[in-house]
Amino acid sequence: MKYWFGYLVAAIFGGITWVMMQFGQRFATLVDMVYPYVIRTLQNYLAEWTSAVDYPLWQLLAVALGALILASIVLMIVLKWNPIQWAGWVLAVFSCIYMLHTMCWGLNYYAGDLADDMRLEVSSYNLEELTEATEYYRDLANALASTVNRDANGNVEFADFETLAQTAGEGFQVLTYEYSYSVFAGSTVPVKKLGWADMYTSMGITGVTFGLTGEACVNSQIPDTTLPFTMCHEIAHRMCIAQERDANFAAFLACSVHSDPEFQYSGYFMAFRYCYSALSSINSQSAAAAAARVSDGISDLLKHDMNAYSSFFSSHKDAAATNLANTANDTYLKVSGNESGINSYGEVCDLLVNWHIQTVVLPSITVEESPFDPFDEDQVDLSGIVNAG
């Protein structure tokens, strides 16, 4: 029995995690009413505490855990421990970590959608509405592309990582205090640089948020055009906005209201990429024609930045490493309650199109009304009134 005790402990931790996830799925409304607000407070404390260390604390803990596992392997060989027993206790450790992660952050996947918190109605849209939204984001990206600094080769040259990180929270504060979106009232402690950046770049990973330490971390090697957006994306995760679709939308909103043109450009650059990708993926002649019209309107600067973005990832990604990372992330997201998995990143297009319709298109529609005339028979029913007319 002693050989299987570690597996029993792992099963207990796994069972607790399963119960929490079933509770979150079944009582999503209750979770949405309480859990994010409690956990957001916890994340604030953790973020303040871990901000005293420049390097991601969770990566240091991961190294320490890896060293302990290697040391235990050596001891297992030297002291002739039973490998089955050893594996059980290793499994128990990882089961405990995942249980704590689910308890301290993971149930946010079962909270309500960001659109509901913002009173944004999300409904289906047609090709024309998608095209108009894509053109809207393209035009703003075109305009902003000429406002940011560039080097002699025309490549964007944003402020350094630390400077961007210090101001990345500004947009969320504007959304909270000027637009009254309380969902963004979370920690704006600066994001940290991811360690082992080469490894993450080869996997196509741009950022990681670790709820157990309250750390939002970003890969500093990614192109400048996406760096501010990614910082805001990871901050959104730390604010308990778990769904990737919602974190992307929150990042766009935060960038769009930021005072720095670099953040604004990054936000509209990414919004255009997501909408253009969705438009280009529609398999119809009318969609292909619409995508071609949109493409014709891309400015030279924006086209240069889009090509540089694609070139960076195509030249730095390792196919095997990327497939492994995507499979792991897809599995994690689906197990955690995000049924779309990694496809949820692109689903932000649904929010972007509906946001464009409700905040840009509808307010621009004006209805001309004739002045009210109590003696106008087209406005007032005068039948039955003596001497009317």
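The values are calculated or read from the model by the stated rules, or taken from the named source; none is laboratory data. Predicted, not measured: the structure shown is a model, and the values here were computed from it. Using ideal geometry, Cβ is built from the backbone for each residue, glycine included, and neighbour counts are taken over all protein chains shown.
A few notes on this one:
- Filtered by the rule that a residue be touching a residue at least 12 places away in the same chain (Cβ under 8 Å) and in a helix (DSSP H, G or I), region 50-72 gives 50, 57, 58, 59, 61, 65, 69, 72.
- Residue tally, condition over 28 Å from residue 217 (Cβ atoms) and of a type in the set (D, E, K, R), over region 131-177: 4
Let's see how each residue does on (1) touching a residue at least 60 places away in the same chain (Cβ under 8 Å); (2) buried (at least 22 other Cβ atoms within 10 Å of the Cβ):
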site	(1), (2)
271	yes, yes
275	yes, yes
278	yes, no
282	yes, no
286	yes, no
289	no, no
292	no, no
296	no, no
304	yes, no
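- Selection of first residues in region 307-319 that are under 14 Å from residue 270 (Cβ atoms) and of second residues that are hydroxyl-bearing (Ser, Thr, Tyr), restricted to Cβ pairs under 7 Å at least 6 apart or on distinct chains, gives the following pairs, ordered by first then second residue: 309/225; 309/226.
- Meets criteria (at pLDDT 95 or above and in contact with a helix residue (DSSP H, G or I) (Cβ under 6 Å, 6 or more places away or on another chain)) for residue 305: yes
- Screening the candidates 321, 328 for the property of being in a helix (DSSP H, G or I) and in contact with a Ser or Thr (Cβ under 6 Å, 6 or more places away or on another chain) yields one hit, 321.
- Among the residues of region 263-307, those identified as among the small types (Gly, Ala, Ser) and within 18 Å of residue 143 (Cα to Cα) are 266, 267, 271, 295, 297, 299.
- Any hit, region 162-177, residues being under 26 Å from residue 103 (Cα atoms), within 15 Å of the chain's Cα centre (by Cα) and modelled with pLDDT under 95: no
- Residue in region 221-237 that is among the aliphatic types (A, V, I, L, M), in a loop (DSSP other than H, G, I, E, B) and within 17 Å of the chain's Cα centre (by Cα) present: yes
- Hey, residue 266 part of a helix (DSSP H, G or I), polar (S, T, N, Q) and more than 28 Å from residue 59 (Cβ to Cβ) or not: no
- Scanning region 173-229 for residues that are among the polar types (S, T, N, Q), without any contact (Cβ under 8 Å) to a residue 60 or more places away in the chain and within 18 Å of residue 318 (Cβ to Cβ) gives 206, 219.
Okay, residues lined up against (1) farther than 29 Å from residue 174 by Cβ; (2) part of a helix (DSSP H, G or I):
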position	(1), (2)
241	no, no
247	no, yes
259	no, no
262	no, yes
283	yes, no
286	yes, yes
295	yes, yes
303	yes, yes
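- Meets criteria (farther than 30 Å from residue 272 by Cα and in contact (Cβ under 8 Å) with a residue 12 or more places away in the chain) for residue 81: no
- For residue 84, the criteria (1) modelled with pLDDT of 95 or more; (2) of a type in the set (Val, Ile, Thr); (3) in contact with a helix residue (DSSP H, G or I) (Cβ under 7 Å, 6 or more places away or on another chain) hold in every case but one, which is (1).
- Hey, residue 17 in contact (Cβ under 8 Å) with a residue 40 or more places away in the chain, in a helix (DSSP H, G or I) and of a type in the set (Ser, Thr, Tyr) or not: yes
- Residue 292 farther than 30 Å from residue 123 by Cβ and of a type in the set (A, V, I, L, M, F, W, C): no
- The residue list 310, 259 contains one member that is surrounded by fewer than 17 Cβ atoms within 10 Å (Cβ to Cβ), within 19 Å of residue 201 (Cα to Cα) and small (Gly, Ala, Ser), which is 310.
- The requirement of being crowded, with 17+ Cβ neighbours inside 10 Å and touching a strand residue (DSSP E or B) at 6+ places or on another chain (Cβ under 9 Å) is fulfilled nowhere in region 9-22; no residue meets it.
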